[in-house]
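Reading through the structure tokens given below for one structure.
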Amino acid sequence: YCKLNSSDDNDDGKWLDDLRDYLMTFARGIQFAITPHTVFMLVLTILATLVCAKGILDFSFDTSMSIVAVGTVFPLVFSVQASFQRREKALSELAGLKSTIFSIYLMFKTWDKHGNGKPAAELKELFNKLIEDIVSYLRSSPSSDSAHVVYDGFSALALKMNEFGPLAGYSKPGEGGMSRLQMYLRDVMNYFENVRAVRDTETPVGLRLFCFALIHFSPILLAPYWNHFCEAQSHTEVPGQYGCESGYFVACFYVLINLTLYKVQTELEDPFDGDGKDDIKWDLWRAQLDSMAAYGPDGPAERARRADQPYQQRDAAKSR
């Protein structure tokens, strides 16, 4: 009996947690869609529809709503898709960059003939600076030319690889596994250049300008149609002197859809700045790279030590 009551309590608690999650998701969706920009356009559209109503200008016309909807929504969806593909391309290249950095670090850590871990520790410091320079460059304005700092880091990495050869048991720069290290250096630079190409380019500018003009002018230019809508679509509804409920509803819904899609596109346009919810999570990306020292032959012991170490000491160690 006690077990049954405990199971019922767990089910009730799970149901309440799910309901709370759904309500929070709904609230976040409303908060995302309703912005000062959206409210301004809604008010402007309502005023334009009111001015064209029967009691003021008495101006209305009929048109094909399907043509209007496709002509406005399709370019916006295309822009969203293009921005999304840019972000996915950047994430894919950053994943390749991170995996190559891990590979180089593990080679330094496991190929060291002396086994003192000094080459890997020095390489980690070099990588920390290189990563900070890469993130700073990608988050800067596309017009800034600070990539030379990143390439200085690549040059330092090449020198460090050359110095590591004798410590790994190789007397020549391209001998044995050292050629693989040189290929990894090329891969790191290749991944960076691919991410840089995404950062330095944009989705079609003409399409974005067209969408911006269209979603701001079309709701106002269609104000006469919003007044005609209730008479054309619902024969039981008699148009009032100052418009009808269905006309205002369709106008507001049209504005809400267009501006929400436009906001999604603008937030996806620059996935590097870290301001949007769909942008690259730089803190997480750097934290994953910062855990390089916890991998390798002594990885389990190092991870156990980090788990027992207080967060304050870990932060202090990072700052040093």
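Figure the gain on full extension for Leu256 and Phe212 (residue separation times 0.36 nm, minus the Cα-Cα span) and round it to one decimal in nm.
That pair, Leu256 and Phe212, stretches by 14.4 nm at full extension.
Using a 1.4 Å probe and counting only protein heavy atoms, arrange Glu88, Glu269 so the residue with the most accessible area comes first.
Heavy-atom accessible area, descending, gives Glu88, Glu269.
Mind listing the long-range amide H neighbours of Gly243? Cut-off is under 5 Å, sequence gap 5 or more, other chains count too, H placed in the peptide plane at 1.01 Å from N.
Excluding prolines and chain starts, which carry no amide H, the hits are Lys54, Gly55.
I want to check the label-to-label distance for Ser141 and Asp275. Put each point 7 Å from Cα in the C-beta direction and report it in nm to one decimal.
Between Ser141 and Asp275, the label points sit 1.3 nm apart.
Across region 122-134, in residue order, what do the Karplus-derived ³J(HN,Hα) couplings come to in whole Hz, using 6.51 cos²θ - 1.76 cosθ + 1.60 with θ = phi - 60° and x for Gly and Pro?
5, 5, 4, 4, 5, 5, 4, 5, 4, 5, 4, 5, 5
Once the whole set of protein chains is in place, how much accessible area is left on Glu163, using a 1.4 Å probe, in Å² to the nearest 10?
110 Å²
I'd like the Karplus ³J(HN,Hα) series for region 266-277: coefficients 6.51, -1.76, 1.60, θ = phi - 60°, whole numbers in Hz, and an x wherever there's a Gly or Pro.
Karplus-based 3J(HN,Hα) across region 266-277 equals 5, 6, 7, 4, 10, x, 9, 6, x, 7, x, 6 Hz.
How big is the accessible area of Trp111 in square angstrom, nearest 10, if you roll a 1.4 angstrom probe over the protein chains?
60 Å²
Taking θ = phi - 60°, what integer Hz values does the Karplus form 6.51 cos²θ - 1.76 cosθ + 1.60 yield along region 115-121, in sequence order, with x for Gly and Pro?
x, 8, x, 5, x, 5, 5
In what sequence, highest mean first, do 79-86, 270-277 appear when ranked by Cβ atoms within 10 angstrom? Let's see the in-between values first.
Numbers: 79-86: 18.2, 270-277: 15.6.
So the order, starting with the most tightly packed, is 79-86, 270-277.
Hey, rough spin-label estimate for Arg180 and Leu16, points 7 angstrom out along Cα→Cβ, what's it come to in nanometres?
Rounded to a tenth, the inter-label distance reads 5.6 nm.
So between Val149 and Ala27, what do we pick up on full extension, going 0.36 nm a residue minus the alpha carbon distance?
Contour length minus the Cα-Cα distance gives 39.6 nm.
Send over a whole-number figure in Å² for the accessible area per residue of region 32-115, probe 1.4 Å. Working shown, then result.
On the way: 4420 Å² over 84 residues.
Accessible area per residue, region 32-115: 53 Å².
Calculate the tail of P(r) for region 105-176: the fraction of all Cα-Cα distances greater than 15 Å, expressed in %. The partial results should precede the final answer.
Details: 1486 of 2556 pairs.
Result for the distance tail: 58 percent.
What pairs in Lys89/Lys281; Lys124/Lys281; Lys14/Lys281; Lys118/Lys172; Lys98/Lys118; Lys113/Lys172 have C-alpha atoms more than 26 Å from each other?
Exceeds cut-off: Lys14/Lys281.
The values are calculated or read from the model by the stated rules, or taken from the named source; none is laboratory data. These figures come from a predicted structure and were not determined experimentally. Neighbour counts are summed over all protein chains in view; Cβ atoms, including those assigned to glycine, are modelled from backbone coordinates with ideal geometry. Protein only, heavy atoms only, side chains kept; ligands, DNA and RNA dropped before computing areas. Shrake-Rupley method; radii C 1.70, N 1.55, O 1.52, S 1.80 Å.
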